[in-house]
Every structure is written in structure tokens, then in C-alpha cells.
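Chemist: Sharing a structure, written as C-alpha cells. Questions coming.
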Amino acid sequence: MPEKVGGVFICVSPDRTEEIVKEAVQSGIKNIWLQQGAQSAKAILYCRENKLNLVYGECILMFAEPVGFPHSVHRFLWKMIGKYPK
């Protein structure tokens, strides 16, 4: 890519996730988001072992602006009960 990439959003089947995470790390990327359904135990372990900034088990649609219905309701509820990630 012509510019440095700071993060990657991964939305593939779990059997491909670890491979893509490793490719991202080789490219210098340290911020990894595994979309719900894309996470695998091996990929999560790899991220932790390599001290990457990892988000998994969350739906990007609850965080990416503009947040529409029903994701806006979900985000509001999570903030109210303290489950919204920081």
C-alpha cells in the first residue's frame, strides 16, 4: 500500500483468520479487529502473545459512524450497563 496502515478489520471465516493476522503483523500492523464470527482461538492467542491491540467479539456496526438502528440502541444499552468497551 502507498501509505502505512495502522489497523486491520478482519471479517473472514475463522479458518483463515490466523493467517491474515500473521500477514498483518508482518506488515507492521498492531491494531487488529476480528469481527464477530471471524475470531479463532489460535488467532486470539497469537495476538495476545505478540501484544497486539485486539478487539474481538464485537460488531463493528455498533462503533462505526453513523450508527443506525438497531446498533444505536445496542450501543446505548451497553453504555448504560457498563459493557461498552473503552
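Chemist: Pick out the one residue from V5, V12 that is open to solvent by 40 Å² or more (accessible area, probe 1.4 Å), among the β-branched types (V, I, T) and modelled with pLDDT of 95 or more.
Modeler: On inspection, the qualifying residue turns out to be V12.
Chemist: A further question follows. Please find, among L45, L77, L61, the residue that is open to solvent by 50 Å² or more (accessible area, probe 1.4 Å), touching a His at 6+ places or on another chain (Cβ under 7 Å) and part of a helix (DSSP H, G or I).
Modeler: Selected residue: L61, the only one of L45, L77, L61 that is open to solvent by 50 Å² or more (accessible area, probe 1.4 Å), touching a His at 6+ places or on another chain (Cβ under 7 Å) and part of a helix (DSSP H, G or I).
Chemist: Being closer than 16 Å to G7 by Cβ, at pLDDT 95 or above and touching a strand residue (DSSP E or B) at 6+ places or on another chain (Cβ under 8 Å) narrows it down to one residue among I32, I44, I60; which is it?
Modeler: I32
Chemist: To continue, here is another question. Quick one: which residue in P85, P66 is open to solvent by less than 70 Å² (accessible area, probe 1.4 Å), in a loop (DSSP other than H, G, I, E, B), over 20 Å from V5 (Cα atoms) and not charged (D, E, K, R)?
Modeler: After applying the criteria, what remains is P85.
The values are calculated or read from the model by the stated rules, or taken from the named source; none is laboratory data. The structure displayed is predicted, hence computed values, not measured ones. Cβ: placed from backbone, ideal geometry, glycine included. Neighbour counts: every protein chain shown. Note: areas computed on protein heavy atoms with side chains; ligands, DNA, RNA excluded. Shrake-Rupley method; radii C 1.70, N 1.55, O 1.52, S 1.80 Å.
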